[in-house]
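Enquirer: Would you mind keeping the following structure in view while I ask a few things?
The values are calculated or read from the model by the stated rules, or taken from the named source; none is laboratory data. None of the values given here were measured: they were computed from a predicted structure. Every residue, glycine among them, receives a Cβ derived from its backbone with ideal geometry; neighbour counts consider all protein chains shown. In case anyone asks, the SASA skips ligands and DNA or RNA and just uses the protein heavy atoms, side chains included. Shrake-Rupley method; radii C 1.70, N 1.55, O 1.52, S 1.80 Å.
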Amino acid sequence: MLQLLVLKIEDPGCFWVIIKGCSPFLDHDVDYQKLNSAMNDFYNSTCQDIEIKPLTLEEGQVCVVYCEELKCWCRAIVKSITSSADQYLAECFLVDFAKNIPVKSKNIRVVVESFMQLPYRAKKFSLYCTKPVTLHIDFCRDSTDIVPAKKWDNAAIQYFQNLLKATTQVEARLCAVEEDTFEVYLYVTIKDEKVCVNDDLVAKNYACYMSPTKNKNLDYLEKPRLNIKSTPSFNKLNPALTLWPMFLQGKDVQGMEDSHGVNFPAQSLQHTWCKGIVGDLRPTATAQDKAVKCNMDSLRDSPKNKSEKKHHCISLKDTNKRVESSVYWPAKRGITIYADPDVPEASALSQKSNEKPLGLTEKKEYDENSCVKLLQFLNPDPLRADGLSDLQQLQKLKGLQPPMVVLRNKIEPCLTIDSSPLSADLKKALQRNKFPGPSHTESYSWPPIARGCDVVVISHCESNPLLYLLPVLTVLQTGACYKSLPSRNGPLAVIVCPGWKKAQFIFELLGEYSMSSRPLHPVLLTIGLHKEEAKNTKLPRGCDVIVTTPYSLLRLLTCQSLLFLRLCHLILDEVEVLFLEANEQMFAILDNFKKNIEVEERVSAPHQIVAVGVHWNKHIEHLIKEFMNDPYIVITAMEEAALYGNVQQVVHLCLECEKTSSLLQALDFIPSQAQKTLIFTCSVAETEIVCKVVESSSIFCLKMHKEMIFNLQNVLEQWKKKLSSGSQIILALTDDCVPLLAITDATCVIHFSFPASPKVFGGRLYCMSDQFHAEQGSPAEQGDKKAKSVLLLTEKDASHAVGVLRYLERADAKVPAELYEFTAGVLEAKEDKKAGMPLCPYLKAFGFCKDKRICPDRHRINPEMDLPRKLSSQALPSFGYIKIIPFYILNATNYFGRIVDKHMDLYATLNAEMNEYFKDSNKTTVEKVEKFGLYGLAEKTLFHRVQVLEVSQKEDAWALDDILVEFIDEGRTGLVTRDQLLHLPEHFHTLPPQAVEFIVCRVKPADNEMEWNPKVTRYIHHKIVGKLHDAKVILALGNTVWIDPMVHITNLSSLKTSVIDYNVRAEILSMGMGIDNPEHVEQLKKLREDAKIPACEESLSQTPPRVTGTSPAQDQDHPSEEQEGQGTPPPAEDAACLQSPQPEDTGAEGGAESKTSSETQKPGGYLVFERWLSSNR
């Protein structure tokens, strides 16, 4: 409590006091006496009068004036200036006495800086969250009501003044500081009875309580510069809900501070005079953190000055021992800081890690007696809000439930960029990028990572590498901690990603933010299957960071282990995916890292493992136990925290009409331990039903829902009673009551109604957070102490069955066989609904999909949709040999192009006609572009048919629109402008689009990747684009043709033979980025059989090209059959070769079998076409 002496009263929102007694806000009286004596001695010296008179005088100016009433010189601020006959007259405010006096200009002096070392003695105070009210008359409704007002009523001011005059003692508890005003709860002692002035004014309807957010809104309404034209509409509030400020503080989880410290804006507390002047006025030096200074500009009323203030922060930790409060910072800087004076110091936030094995932070601490006070308030009617339930008003006033977090060790969150442990350069880079500030997960993750500790983070922010990247970059800036490492080339940090795509993204992000730090020379490593590639890999000098995948890292580690002697930081991105897809590789990497850091020479060097993921699994537990040293664990996904806490997960399958009987089966009527059970429902009616059902079994059941808010305190009291062994308490409630009850000690949660979202499910499980067990133990050791979650799953929740099954599998729970059958039926039904969706691209490219349960695409062949498309009068070939030209390369095995037919090449005819048409000055530009319209487009000397896919409108009316078009005869897309599109006559529309999708079979990316590495795609693109190739058709569906093999053939006319330049599949394998996929074709055939599409028999009209050469004259005059189209039946020996078994190219080493003649020698030095026929059956 602060002891006060009231100097001046304007109204309850503005009164001036002097702080007495022992307080960090107080300078000793002797200091002010010395100050007054020094000022009088100095300014009474007439020899300096001329020098110290101000040259100019303006409003807001700080000066020293002579007060005739006090007969002394005083510090003051000029409030206004008026001119008289002979001189100016200034109205000045005496900052040490809270007086307004008129002063002649001759009695005004320039303030000497040494006289500004002490803060202003008169402090401006205001009642916290207490706003004036007035009587509002609604003539339309013929009603009256009490609503918030902008000005205090005269009766309220008079009553406030009488209270302070009659008191024998004035005390205050500081709650907030806004600009120059200290907002407090004011207590007066009258006839030995202490009264809270804030409560007294509200009780007598002179004022109302209002949340801090609304306070700010009302303040803004009074500022004309915001130009708010509409009349403010004030929310009506029930005083039974608004009287006590516990629910009015707008607590923001992003602003949580430890209960031992209070932070205030320095602009309102610290004076600007502290700039090198050290006077003799103060007898003892006072530490900066104990001197709370007032800004000499803070008392100026100029809106301009207020808008120009800069908001910084200073710490008052451990200074005000009497103010035991928790401070909740708002999301934005520069606004009021609100402190809760009623939260005891021993709160959940201040618990030490050794007092509780699993620290649970971010719990809202509510005063248990607050609800009693609310419900016992005698006069709620004047401010009652019609149409809003008590529960809705409580939720509105208390705000959103703070984001929850489960911690293994206590962590002080960093709530702003300024308070974060990042380097100054990184903070500037974030501000340049308009970074909004650390998220809830980042606020807890950054501090331990920046300290070099082992950290595990489980949250839903898996796509945000800044969660660990920024603090790791900050650690890497401290070069002194790496001096004990060997002075050789090698990385200090390695970031391991589950795939090259994520690694590429992190590498680009690292390049962006590493520019704000010392040069780190990061490297992106993707190493193929060839050992020579790993052996020949060289790191640039000074490379401190490597971004890679587990397979690539292990290959480099195996061949060049000395490169990693300096490794100190191992970052695991998407850790659960890493262990799922590369389990052996990950533990080999971790074993090597553990072995290196245990070297004696590296004792002083940092060694850190950071694991970031979305889901918790058993591999993470093993990682923590075997490879981490007392790690910090941050879990902001509560459903994952339940897995970490070893909560037993149970599912009961039942019909909707049998839920109540299933509920009774789930209850433990004779528990061996004290048990607290929560039963969650979705509505008031369901809560009542559940309560009756439970009570019908002779078990006492509490209930809580929005219509039972009056019983909130009673429910809490019953719930918090200590239970004896073998007894139990049951509470049926709805989800909207969870924030109000703030229960964390439940031992069992029963989901009578299915949770609406994973967040709701996590919120329910968090009610058992006190029972979470960080360490897995045997069932005998844990016994009945293990928390349990029981989910009732009915036919109404069928769409969620797949997610429930996946969660149970990750929890290692016992899954009922019925659930597997139920889920299989659900998946079957979902697949039936996907009949109109496109075929899964992974199924097409590789023959399998990683997770059909969550994939949105189709995984069956639809005979109606997947019939081969017609290119002209004939459909796509389903078998045989074709010639193709790829024009657009999607990836290493997926292309768009054309099928070339020498017998009837309709596109060649169309193309010739188009060229002829547009050459004859028929280039008519299009005035109006229609979506999906067909137009012509000129590219150099060629003309194409294009279809408009998208038109983007530009803001500039004179600028041409960008139009996304598809080249329907080549398959590629591109951006063009409107003036490039040409009118296409109707007779050019008749030929169907000629672009066909081709997929090369029997090869897939290495290392469990689902995307081809760009290095392979680039290589194949330069190899095949625009060239004529021969291929064998395996299957055709819709517009897609599967081919195997696909080769490029060169005709050697002089030798009357043909050779294969390359086999596309073999080229992919030779790069070491792909592996054999023999199941691909088999899966495609199985899909066709499941769809009951009969397999076509291969006819003689579609046969491989002839291998015998033609005459030289024929070669010169006519294109060869191998280049033009489908050939004639081969000779008998070629047919025999087609049937003869040959070894397949199943690996990178065998991938070069289809090289040019110089690489693969045969008699005569050439690889002839017979080899292709026989080896690629």
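Enquirer: If the Cβ limit is 6 Å and pairs must be 6+ apart or interchain, which residue in the range 987-1005 that is open to solvent by 10 Å² or more (accessible area, probe 1.4 Å) pairs with which residue that is among the hydroxyl-bearing types (Ser, Thr, Tyr)?
Expert: 994/907; 997/1040
Enquirer: Out of 97, 93, report the one residue that is under 23 Å from residue 70 (Cβ atoms) and open to solvent by 50 Å² or more (accessible area, probe 1.4 Å). Break it down into steps so the answer makes sense when it comes.
Expert: On the way: 93 fails: open to solvent by 50 Å² or more (accessible area, probe 1.4 Å).
Step by step, each of 97, 93 is checked, and only 97 is under 23 Å from residue 70 (Cβ atoms) and open to solvent by 50 Å² or more (accessible area, probe 1.4 Å).
Enquirer: Out of 423, 463, report the one residue that is farther than 30 Å from residue 136 by Cβ and modelled with pLDDT of 80 or more.
Expert: On the way: 463 fails: modelled with pLDDT of 80 or more.
None of the other options fit; the residue is 423.
Enquirer: Let me ask something additional. Could you give me the residue pairs with C-beta distances under 8 Å whose first residue belongs to the range 590-612 and is within 21 Å of residue 577 (Cβ to Cβ), whose second residue is basic (Lys, Arg) and open to solvent by 80 Å² or more (accessible area, probe 1.4 Å) wherever it lies, and which are 6+ apart or on separate chains?
Expert: Taking only residues 6 or more apart or on different chains, not a single pair turns up.
Enquirer: Let me ask something additional. Looking only at the range 905-940, how many residues end up being open to solvent by 80 Å² or more (accessible area, probe 1.4 Å) and either touching a residue at least 24 places away in the same chain (Cβ under 8 Å) or not assigned by the TED database to the domain that holds residue 996 (or both)? Walk me through it before giving the result.
Expert: Keep residues of the range 905-940 that are open to solvent by 80 Å² or more (accessible area, probe 1.4 Å), which gives 913, 916, 919-921, 923, 927-928, 930-932, 940.
Those left that are additionally either touching a residue at least 24 places away in the same chain (Cβ under 8 Å) or not assigned by the TED database to the domain that holds residue 996 (or both): 913, 923.
Number satisfying all stated conditions: 2.
Enquirer: Follow-up question, since we're still on this one. Within the range 985-1101, which strands (runs of 3 or more DSSP E) (wholly inside it) include 1 or more residues that are under 24 Å from residue 858 (Cα atoms) and in the same structural domain as residue 913 (by the TED database)? Can you show your working first?
Expert: On the way: elements: 996-1000, 1003-1005, 1029-1037, 1040-1052, 1057-1063, 1074-1076.
Counting at least 1 such residues, we get 996-1000, 1003-1005, 1029-1037, 1040-1052.
Enquirer: So is residue 652 farther than 20 Å from residue 465 by Cα and free of Cβ contacts under 8 Å to residues at least 12 places away in the same chain or not? Please lay out each step first, then the result.
Expert: Numbers: farther than 20 Å from residue 465 by Cα: yes; free of Cβ contacts under 8 Å to residues at least 12 places away in the same chain: no.
Against the criterion (farther than 20 Å from residue 465 by Cα and free of Cβ contacts under 8 Å to residues at least 12 places away in the same chain), residue 652 does not qualify.
Enquirer: Here's something else I'd like to know. Select from the range 653-696 the residues that are among the small types (Gly, Ala, Ser) and closer than 12 Å to residue 792 by Cβ and write down the one among them that is farthest from the chain's Cα centre (by Cα). Please lay out each step first, then the result.
Expert: Within the range 653-696, the subset among the small types (Gly, Ala, Ser) is 661-662, 666, 672, 674, 683, 685, 696.
Restricting the remaining residues to those that are closer than 12 Å to residue 792 by Cβ gives 661-662, 666.
On the way: 661: 41, 662: 39, 666: 37 Å.
It comes out as 661.
Enquirer: For the range 626-643, give me each residue that is surrounded by fewer than 23 Cβ atoms within 10 Å (Cβ to Cβ) and in a helix (DSSP H, G or I).
Expert: Result: 626, 627.
Enquirer: Which of the helices (runs of 4 or more DSSP H) found entirely inside the range 652-753 contain at least 1 residues meeting this: small (Gly, Ala, Ser) and closer than 22 Å to residue 766 by Cα?
Expert: Values: elements: 659-666, 684-695, 712-720, 738-741.
Passing ranges, in order: 659-666.
Enquirer: Can you tell me which residue is nearest to residue 653 (Cα to Cα) among those in the range 740-758 that are in contact (Cβ under 8 Å) with a residue 12 or more places away in the chain and open to solvent by 40 Å² or more (accessible area, probe 1.4 Å)? Spell out the reasoning first.
Expert: At the first step, the residues of the range 740-758 found to be in contact (Cβ under 8 Å) with a residue 12 or more places away in the chain are 740-756, 758.
Keeping just the survivors that are open to solvent by 40 Å² or more (accessible area, probe 1.4 Å) gives 742, 745, 754, 756, 758.
Details: 742: 30, 745: 27, 754: 12, 756: 18, 758: 19 Å.
Here the answer is 754.
Enquirer: Name the residue that is farthest from residue 16 (Cα to Cα), counting only residues in the range 114-151 that are surrounded by 20 or more Cβ atoms within 10 Å (Cβ to Cβ), of a type in the set (A, V, I, L, M, F, W, C) and under 46 Å from the mean Cα position of the chain (by Cα).
Expert: Residue satisfying both the conditions and the ranking: 133.
Enquirer: For the range 672-714, what are the residues that are closer than 11 Å to residue 728 by Cα and open to solvent by 10 Å² or more (accessible area, probe 1.4 Å)?
Expert: Selection gives 672, 673, 674, 675, 676, 699, 700.
Enquirer: If the requirement is being in a helix (DSSP H, G or I), open to solvent by less than 30 Å² (accessible area, probe 1.4 Å) and of a type in the set (Val, Ile, Thr), which of these qualifies: 506, 527?
Expert: On the way: 527 fails: in a helix (DSSP H, G or I).
That would be 506, the only listed residue that is in a helix (DSSP H, G or I), open to solvent by less than 30 Å² (accessible area, probe 1.4 Å) and of a type in the set (Val, Ile, Thr).
Enquirer: State all residues of the range 545-574 that are hydrophobic (A, V, I, L, M, F, W, C), open to solvent by 10 Å² or more (accessible area, probe 1.4 Å) and either assigned to a loop (DSSP other than H, G, I, E, B) or not assigned by the TED database to the domain that holds residue 519 (or both); if no residue qualifies, say none.
Expert: Result: 565, 567.
Enquirer: Can we say residue 895 is modelled with pLDDT of 90 or more and open to solvent by 40 Å² or more (accessible area, probe 1.4 Å)? Spell out how you get there, then give the answer.
Expert: On the way: modelled with pLDDT of 90 or more: yes; open to solvent by 40 Å² or more (accessible area, probe 1.4 Å): no.
So residue 895 fails the test.
Enquirer: If only one of 443, 459, 439 is open to solvent by less than 30 Å² (accessible area, probe 1.4 Å), within 18 Å of the chain's Cα centre (by Cα) and within 18 Å of residue 419 (Cβ to Cβ), which one is it? Don't jump to the end; show me each part of the working.
Expert: Details: 459 fails: within 18 Å of residue 419 (Cβ to Cβ); 439 fails: open to solvent by less than 30 Å² (accessible area, probe 1.4 Å).
Of the residues listed, the single one that is open to solvent by less than 30 Å² (accessible area, probe 1.4 Å), within 18 Å of the chain's Cα centre (by Cα) and within 18 Å of residue 419 (Cβ to Cβ) is 443.
Enquirer: Can you find, within the range 100-111, the residue that is most open to solvent (accessible area, probe 1.4 Å) among those that are within 19 Å of residue 122 (Cβ to Cβ) and either touching a Leu at 6+ places or on another chain (Cβ under 9 Å) or polar (S, T, N, Q) (or both)?
Expert: Of all residues in the range 100-111, those within 19 Å of residue 122 (Cβ to Cβ) come to 100-103, 111.
From the residues that got through so far, the ones that are either touching a Leu at 6+ places or on another chain (Cβ under 9 Å) or polar (S, T, N, Q) (or both) too are 100-103.
Numbers: 100: 67, 101: 19, 102: 99, 103: 4 Å².
Going through the qualifying residues, I end up with 102.
Enquirer: Right, something else. Of all residues in the range 1046-1064, count the ones that are at pLDDT below 90 and within 47 Å of the chain's Cα centre (by Cα).
Expert: 0
Enquirer: Which of the residues that make up the range 815-865 are out of contact with any strand residue (DSSP E or B) (no Cβ under 9 Å at 6 or more places or on another chain), open to solvent by less than 30 Å² (accessible area, probe 1.4 Å) and closer than 30 Å to residue 792 by Cα?
Expert: 823, 826, 855
Enquirer: Note down all Cβ pairs under 9 Å where the first residue falls in the range 682-700 and is under 15 Å from residue 662 (Cα atoms), the second is open to solvent by 40 Å² or more (accessible area, probe 1.4 Å) and not in a helix (DSSP H, G or I), and they're at least six residues apart or on different chains.
Expert: What qualifies is 690/703; 691/703; 694/700; 697/669.
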